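Data first, discussion second: the structure below is written as structure tokens.
The values are calculated or read from the model by the stated rules, or taken from the named source; none is laboratory data. Since the structure is predicted, the reported quantities are computational estimates derived from the model, not experimental observations. FYI the Cβ positions are ideal-geometry reconstructions off the backbone, even for glycines, and counts take in every protein chain you see. When the accessible area is computed, the model is the full protein with side chains, heavy atoms only, and any ligands, DNA or RNA have been set aside. Shrake-Rupley method; radii C 1.70, N 1.55, O 1.52, S 1.80 Å.
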Amino acid sequence: MKQVMTGNTAAAWGVRLARVDVIATYPITPQTTIMEKLAEWVEKGEFPAQYIQTESEHSSLAACIAAASVGARTYTATSSHGLALMHELLLWASGARLPVVLTDVNRALAPPWNIWTDHIDTVAERDTGCLQLYCESNQEVLDMMLFAYRVAEDRQVLLPMMVIEDAFVLSHTSEIVDVPSQEIVDQYLPKFEPEFRLDPSEPFGLGSVAMPDQFMEFRYRASLAMDRAPEVIRKALGEFERAFGRSYGGLIEEYRCEDAEVALVVAGSAASTAKAVADELRREGHRVGVARLRVFRPFPVEEIRALGKRISTLGVLERAYAFGPNGAFTTEIKGALLGLLAPPRVKNYIAGLGGRDIRPEEIRRMFLDLERVSQAGLDREVEWVGVQGLRWAEGIP
Amino acid sequence: MTRKTIPEPEYVLPGHSACPGCGGTLAIRYMLKALGPEVIIAVPACCWAIVPGYWPQCALRVPVHYNAFEATGAAIAGLRAGLDALGRKGVTVVGFAGDGGTVDIGLQALSHSAVRNVDAIYVMYDNEAYMNTGVQHSGETPIGAWTTTTPVPGATLRAREPKKDIIAILAAHQIPYAATVSVGFPEDFVKKVQKAQRVKGLKFIHALTPCPAGWRFDSSKTIQVAKLAVDCGLFPLYEVENGRWIISRKTIHHTLDAYLKVQGRYGRTPPEIVQLIQQQIDAHWQRLLALEAFTAAGAPGSAPAPTPPPSGAAVDSRLAQDAAP
Amino acid sequence: MPVGYEEMPEAPGTTASTEEVQTGLWRTLRPVIDYAKCTKCLLCWKFCPDGVIAVLEDSRPEIDLYHCKGCGICANECPPKCIAMVREEEP
């Protein structure tokens, strides 16, 4: 049924429809309206979940991990510093192979304090083994919550997963969202059947000590799960389309890339702006495309390589500064492209940090700049866009 | 005359790597004898996260959820919520953690589960330092004790920090049951743990578990030391049951000196610190006796805590104003 | 014996007991019970941290020397002092 709702309400609907057993959360802007909506439903008796408001995000994820270890389907939501505080436990969940699912609302880290869109919180967790999926719309947020449980709980995966939405642009902005019926969701997402669970009838210890002669094998098995994850995701997306009638493409959503000369890789809500700008440029005769990065973990190596074989110049628009010579996405994209005989040129644009609006004119300049790069060669690897007092892409109107 | 004054079944298998004479091992042995096998225990980083063995081996015949250091309080909340959500009844949720992992890094999560009255038993086995990492000072290290980070007792203010009164902290959270136990008194230990198991809500057991390696005494003396600690008055045995303080054992049988001289960690403690320890013991007993009298049935401090309104009820703040005297 | 990755479980859950570990090798002192003096009070059974004292049918305690670490608590706590701690090198 179509309703008008914010991204946070959409996330909450995803949790409710997924019949989550245990919710443990702690307030942080701009996630709070998710936990508030869930609290309202639970207290009114509309959603029979165990609801724990903890005293920190670390405890939220610790409670979810414990509940998952006895076989419950679990959920938490956070943002920014909350996700950073969960860092060690994201590694714990993936090491213990527990499919905890969480929503992260992308927000900058302090100082200075800033509650608006920035991808650094999730980018900084790329080494934890927690799968990452970036959403462009409130519909996608709801849909991907259901999808996340399906993928994370798959016996071939068994890793935690985060569904990611931009602060305020999605979390607090209303869009039309089609809320599926519980019946269809129940068919797509069956009850959680854990591979293992703690119970007095079959005692074992989960997460004890492993000496150097037996530790690596556990990580190797987790790496095999990460290797299997892209195929599990592709299949689950296909099944999602059949069940709900909505397609999301794949790990990357290609928009007008079939015959594009240059393409902009971008994650999150800025992709919508990029697509609108691409349409405008196409009308003017430019062959441009947008490759929306949906899944960052597992990294879509095959999809990036396929794109790189067709496109001469790739721009990577990153909404995070990770203190490296290239941004996090750019570094991994370049790594994936290294396997190609004639890899495309890659230019990294850093924009929109701390909620700075990424304007259509700026994206237009990026596309034109990329066209120049494809003719004249790469002038510089990284361009900071929209910094007061800093000129960028000199020579482009 | 044969007497098994504590339950017979063993839930801790031999072959684990606890030090000979380990007090913590006695604590988990008595705890599980008291509780029986229908338990799931959460264990953070501490001696007993390592002692049960290296993968694939485990010395415990009950399920164990190993958790991050500071997370035991949250883990027991998650275990209970998961079991409740799945309709699994009759399982006792237990947290079994060391002193550092409880009163220092773990205090925040424990405080929250206490105030939420999570239905679980939390047993803190107190060897009075961070023993697993090599005897560093913790919030439960008593004054005057040598540790690797307070190597000259009396040299710095650290060595004069009081032992955190975790029972008082948790009594302030109004949990239904808290008690101190010592491995030197197994019957009392078992009785109190079983009492905790019968109560709903967050129950806390503070177990004194002498550590031969860290306290520097011969491994044969663990029980002797555990008894002396109680009988010289330093570690009183008592309970706080629904706000009522009840002392279990009152007679002082030994001098403080008898307790201190058995342990190498007090070998270089200056006399003025020993005096301070005795003063602390006396002050603590005064407080305990006063609390016992004040909270006894019929006494002014015996009023029960107000019961919270049923869940789902909207509480109108104007009503609260009208009700105030 | 380390196990190949294919034989391992997906998650780090334990699958075996510690009983095969011969912690008795740790000992330098071995407890020896003089059953003539033993009153079968079972304090040794009660206070053994590793739980390696079994109670026989006739209520005598029996120490499992495969696992006993030789801590000496049983000897220290025995009321009639019928447990001697003997050096391992001695028979």
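Buried between C and B is an accessible area of approximately 3000 Å², summed over both sides with a 1.4 Å probe.
Annotation note: trypsin sites (Lys or Arg not before Pro) in the stretch A:14-47 located in DSSP loop regions with a Cβ neighbour count of at most 12 within 10 Å are A:Lys44. Helix A:57-69 and the longest principal axis of the Cα set of chain A meet at an angle near 60°. Peptide B:200-206 shows a mean partner chain C-beta count of 0 within 10 Å per residue C-beta. Using Cα-Cα distances under 8 Å and only pairs 6 or more residues apart, what relative contact order does the stretch A:252-384 have, in percent? The value is 28 percent. For the segment A:118-129, counting C-beta atoms of other chains within 10 Å of every residue's C-beta and taking the mean gives 0. Once the Cβ-Cβ distance of C:Cys82 and B:Phe294 is raised to the sixth power relative to R0 = 41 Å, the FRET efficiency obtained is 0.30. Think of the stretch A:221-271 as a dipole: +1 on every Lys or Arg Cβ, -1 on every Asp or Glu Cβ, centred on the Cα centre; then among A:Ala267, A:Leu224, A:Ser247, A:Leu224 lies furthest on the positive end. Counting only other chain Cβ atoms within 10 Å of each residue's Cβ, the peptide A:89-98 averages 2. Computed about the Cα centre, the dipole magnitude for the stretch B:23-323 is approximately 540 debye when only Lys and Arg (+1) and Asp and Glu (-1) carry charge, each at its Cβ.
Only Lys, Arg, Asp and Glu carry charge here, each on its Cβ (+1 for the first two, -1 for the last two); on that basis chain C has a dipole of about 720 debye about its Cα centre. Summary value for chain B: 16 percent relative contact order, contacts being C-alpha pairs under 8 angstrom separated by 6+ residues. Taking the longest Cα principal axis of chain A as reference, the axis of helix A:7-17 is set at about 40 degrees. Assuming charge only on the beta carbon of Lys and Arg (+1) and of Asp and Glu (-1), the dipole of the protein assembly as shown about its Cα centre is about 1440 debye to the nearest 20. Only one residue of B:Ala45, A:Ala152, A:Leu102 has its Cα farthest out toward the positive end of the dipole of the protein assembly as shown, where Lys and Arg carry +1 and Asp and Glu -1 on Cβ, and that residue is B:Ala45.
Ordered by solvent-accessible area of protein heavy atoms (1.4 Å probe), largest first, the residues A:Asp279, A:Asp357 come out as A:Asp357, A:Asp279. Counted without the sites themselves, the longest stretch of chain A free of GluC sites (Glu not before Pro) in a DSSP loop having at most 11 other beta carbon atoms within 10 Å is A:47-257. Its residue count N fixes a reference of 2.2 N^0.38 Å for the stretch B:55-142, and the Cα radius of gyration divided by that reference is 1.16. Between rounded, prolate and oblate, where does chain A land on the alpha carbon gyration tensor, with a ≥ b ≥ c its root eigenvalues, rounded for a/c under 1.5, else prolate if a/b exceeds b/c? Because a/c hits 1.5 or more and a/b exceeds b/c, chain A counts as prolate. Solvent-accessible surface of the stretch A:252-384, taken per residue with a 1.4 Å probe and all protein chains present: 40 Å². Contact order for the stretch B:34-91, expressed relative to its length and based on alpha carbon pairs under 8 Å spaced 6+ residues apart, stands at 41 percent.
Here, P(r) means the percent of Cα pairs in each 10 Å bin from 0 to the largest distance; for the stretch B:23-323 it is 6, 27, 35, 22, 8, 3, 0.
Exposure check, 1.4 Å probe, all protein chains in place: B:His284 carries approximately 40 Å² of accessible surface. Modelled label positions at B:Ala213 and C:Val32, each set 7 Å beyond Cα in the direction of Cβ, lie 3.0 nm from each other. Each 10 Å bin from zero holds the following percent of Cα-Cα pairs in the protein assembly as shown: 2, 12, 20, 20, 17, 13, 9, 5, 2, 0, 0.
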